[in-house]
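What follows is one structure encoded as structure tokens, with my remarks underneath.
All of the numbers you see were taken from the coordinates with simple rules; none came from a lab. Note that the coordinates shown come from a computational prediction; the quantities given were computed from them, not determined experimentally. Every residue, glycine as well, gets a Cβ built from its backbone with ideal geometry; the counts of neighbours run over all protein chains shown.
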Amino acid sequence: MLDYQRRGSVPAKHHITHRRPDGAGVYYEECFTRQGFDGAFSILYHAFATTDDTETVKSSRGWPAPVSVEPQDETVRRRLFDGNKIPVGGCMVDSRIAMLFCSDLVILLARPTQSDDVYFSNGDGDELVYVYGGKGRLESSFGWLPFQTGDYVWVPKGVIHRWHLEGEGHAFLVMEARKELRIPKQFRNASGQLRMDAPYCHRDFVRPEGAAWEPSMGESGPCTVVYKVRDRFSQRTMPHHPLDIVGWDGNVYPVAFPIGKYQPKTGLVHLPPTSHLTFAGEGFVVCSFVPRIVDFHPEAIPCPYPHTNVDCDEVLLYLDGNFTSRKGVGPGCMSLHPMGVPHGPHPGAYERSIGAQTTTELAVMIDTFAPLAITANALALETREYHDSWAPR
């Protein structure tokens, strides 16, 4: 998905014997594949068999599936949700709150306070998690991946993992891609490398290191794995540590990308939001707005121009800095501007931006091509006066 990596002990060739150092048996190969056998893959080597679970039952863990709720006024309008008011507490595997969703993507928020006490595998899609508060480490079959505020953490579909939290103040934006998340194809050259004119390079991504399991650990460790498939949660109990990996190689593994490493583009006049493209999925894109130098034409208007996007719903999570196009919007707030409804800067912002040379705004934007449904969770956090804040004063 990003590039080839190799960790630990692997044999000289796929699908051949990989014997234990003491000669007492072999390690068990697992082919972790995407798109059947046509896509990217990794091959992992387990100390124990991967199929020897002792019990599989319905799980009480996890979070409720998203359900659409029609607003009482039945209007299509610009909306703002205060993500700072979602419940605080619990583990990452349980604390997610579904806000908006469509057939291609589910957008959730979470403010956990505890590390996961079970392992989790999302069989419904890749997860792209933006960390806008807190730090810690992601433990997975592929090793340990550190994260901190300002990081995107990409967990591929089906990867067994746990979130380990350090300190307080954790806040996450979770994007569950129901089909596939990818690096935009225009950022790669014919050899698969990230192009030199891409907004980031291979060096910017953080990859997992070490191993979550060591032979000295034997069969110890949490043995419960919660699985999510078709929005239903089940759990397997295993007779050994589920991350019993002695080595792996391939192109599928979790990565982190610090938003501060994103290289913004600047033009003579204002560039469209596509110039901030960071990740892409089937039916949606993710963009990063970071502090940058703005347009340099002597008569440029740096503030985003008013526009009517008739084919996309736009979601923006405000994070930090001065949001020149909005007023009354602070960090942790999430806006929804539905397709077909004109939107743009608040009154006066367009004119005030003339002559500006820089912007300090930090935000994550999601555009979907299928209309987003609103959940009761989101409506409970809505700032009702947001749509009318464009009215002339």
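Each semi-axis of the equivalent ellipsoid for region 70-119 is √(5λ) with λ an eigenvalue of the Cα gyration tensor; in descending order they amount to 27, 14, 8 Å.
Distance between the pseudo-spin-label points of residue 58 and residue 305 (7 Å out from Cα toward the beta carbon): 5.5 nm. Between residue 231 and residue 354, residue separation times 0.36 nm minus the direct Cα-Cα distance comes to 39.5 nm. Computed from the C-beta positions of residue 322 and residue 168 and an R0 of 25 Å, the FRET efficiency is 0.40 to the nearest 0.05.
Ranking of 265, 179 by neighbouring Cβ atoms within 10 Å, starting from the fewest: 265, 179. Taking 25 Å as R0, compute the FRET efficiency from the Cβ-Cβ separation of residue 271 and residue 389 and round it to 0.05. So the FRET efficiency works out to roughly 0.45. Annotation: for a label point projected 7 angstrom from Cα along Cα→Cβ of residue 76, residues of region 359-383 with backbone N closer than 11 Å are 371-372. Here is how the number arises for the chain: DSSP H runs of 4 or more residues each give -39500 (n - 2.57), the sum is divided by the residue count, and the result at 222 nm is -500 deg cm²/dmol.
Basic side chains Lys and Arg get +1 at the Cβ, acidic Asp and Glu get -1 at the Cβ, and with that the dipole of region 264-384 about its Cα centre reaches some 280 debye.
Here is the list for region 1-47: trypsin sites (Lys or Arg not before Pro) lying in DSSP coil, each with at most 16 other C-beta atoms within 10 angstrom of its C-beta, are 13.
Here is the P(r) of region 325-371: all C-alpha pair distances, binned every 5 Å from 0, give 4, 14, 24, 25, 19, 11, 3, 0 in whole percents.
Would you mind checking 185/265; 13/185; 135/261; 85/157 for any pair whose Cα atoms are more than 25 angstrom apart? Violating the 25 Å limit, Cα to Cα: 13/185; 85/157. Size of the chain: Rg and Dmax of its alpha carbons, in Å, are 22.4, 80.
Across every pair of non-identical alpha carbons in region 55-151, the mean reciprocal distance, once inverted, gives a Kirkwood radius of 15.8 Å. Ranking of 135, 85 by neighbouring Cβ atoms within 10 Å, starting from the fewest: 85, 135.
On full extension of the chain, what length is gained from residue 292 through residue 69, given 0.36 nm per residue of separation minus the C-alpha to C-alpha distance? That works out to 76.4 nm of additional length.
Here the residues 276, 164, ranked from fewest to most Cβ neighbours within 10 Å of their Cβ, fall in the order 164, 276. A crude spin-label estimate for the pair residue 179 and residue 9, with each label 7 Å from Cα along the Cβ direction, gives 4.2 nm.
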